[in-house]
1. In the stretch 297-338, how many are modelled with pLDDT of 85 or more and hydrophobic (A, V, I, L, M, F, W, C)?
2. So Val289 passes all but one of these: (1) touching a Pro at 6+ places or on another chain (Cβ under 6 Å); (2) among the hydrophobic types (A, V, I, L, M, F, W, C); (3) modelled with pLDDT of 95 or more. Which condition number does it fail?
3. Restricting to the stretch 24-33, name every residue that is modelled with pLDDT of 95 or more and not basic (Lys, Arg).
4. Could you list all residues from the stretch 188-211 that are among the aliphatic types (A, V, I, L, M) and out of contact with any Asp or Glu (no Cβ under 8 Å at 6 or more places or on another chain)?
5. Being more than 17 Å from Val281 (Cβ to Cβ), out of contact with any helix residue (DSSP H, G or I) (no Cβ under 6 Å at 6 or more places or on another chain) and not hydrophobic (A, V, I, L, M, F, W, C) is the filter here; which residues of the stretch 11-58 pass it?
6. Just checking: which of the helices (runs of 4 or more DSSP H) contained wholly in the stretch 103-185 hold 2 or more residues that are over 25 Å from Leu32 (Cα atoms)?
7. For the structure I just gave you, tell me whether Ala173 is in contact with a Leu (Cβ under 7 Å, 6 or more places away or on another chain) and in the same structural domain as Asp108 (by TED's automatic domain parsing).
Amino acid sequence: MSVVVIGLSHRTSPVELRERFAFAEEMIPSALKSLHDSGIADEAVIVSTCNRVEIYAATPLMPDAAFAELKKFLVAQHAFDGALGDEIYTIPEPQSLHHLFKVASGLDSMVIGETEIFGQLKQAYELAFQQKYTGARLNKAFQRAFNVAKHIRTETNIQRGSVSVMSAAVELAEKIFSSLAEHEVLVIGAGETSEKTARALLSRGARNVVVTNRSPERATALAAELGGRAVPFEQWPDEFEKIDIAISSTAAPKHILDRAKLEPLMKRRKNRPLLLIDIAVPRDIDPAVGTLDNVYLYNVDDLQGIADDYLKLRQEEVARCEKIIAEKVAALLAANRF
């Protein structure tokens, strides 16, 4: 029984492809059941975020056979009919454990050292654990990965400075507008990512935040926490006359904003510059929106440039973290420990 990983991430594939393979949260229990019932994996965890889709599997199959079956599974789950090459990576044991530890520690993220992936990975593991699709192998691997991530957070400076996709988005907003003080922000989708983005914008001086969400109770609660205001989800386009920045991160399966919807809104705004940051996967905003005059549209992949700047500042810390991870993987693989 070995632990293997198959997936695609911002390092290997563009958002246009990643969104084709994204798992909605409600899809994951049935997908885990299919994996288990098929005999491909005795244990499995599915991770699906804006930057990666990965399956961690404890499998009785030889690695090559496991990867072939897992790839077929991914393609079938999403009815994908295109060609795939290096966009999908396959990692056998023990490199799979090294990869898991790196992911948990934020070392494989778009913004090196970010902490959001730790929570996302933990949530994915908890879901699989509660559904009884993990066992001795993955339980030990994931629990050790979480411990390593915490150790790296306390023993290194990898998280120094701006270290999340959300804070990178705020950096981008400041480059466009120089100061956020006179600008109002619309946050579409009141999940954890949106909440952290809103807090970051306010901390950098944004004048006000408007929150909208399909669940009005959640929008109202978040707006109250942030000292902003909530608007019904069906009415968020009415806010475009006043706002200058919109951060969108919903779980919608299709675009919620396209060129036909935005064009008349831009006329009402008298074509003032509008910054749209789409951090959802699948994307919330049709890429064609970016062709409109005075509209600046960025998606999660566009944040890579900012992330690269942070990486240059962290190279020494990355080396320290890599050494820690190598030592922890070796310890896990020692006799009678895994």
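The values are calculated or read from the model by the stated rules, or taken from the named source; none is laboratory data. Here the structure is a predicted model, which is why all the values come from computation and not from measurement. We place every Cβ from the backbone using ideal geometry, glycine too, and count neighbours over all the protein chains shown.
1. 12
2. So Val289 meets the others, but not (1).
3. Step one: of the stretch 24-33, the residues modelled with pLDDT of 95 or more are 28-33.
Across the stretch 24-33, the qualifying residues are Ile28, Pro29, Ser30, Ala31, Leu32.
4. Of everything in the stretch 188-211, those that are among the aliphatic types (A, V, I, L, M) and out of contact with any Asp or Glu (no Cβ under 8 Å at 6 or more places or on another chain) turn out to be Ala190, Ala198, Ala200, Leu201, Leu202, Val211.
5. The answer is Pro29, Ser30, Lys33, Ser34, His36, Asp37, Ser38, Gly39, Asp42, Tyr56.
6. The helices (runs of 4 or more DSSP H) meeting that bar are 136-155, 165-177.
7. Details: in contact with a Leu (Cβ under 7 Å, 6 or more places away or on another chain): yes; in the same structural domain as Asp108 (by TED's automatic domain parsing): no.
No: the conditions fail for Ala173.
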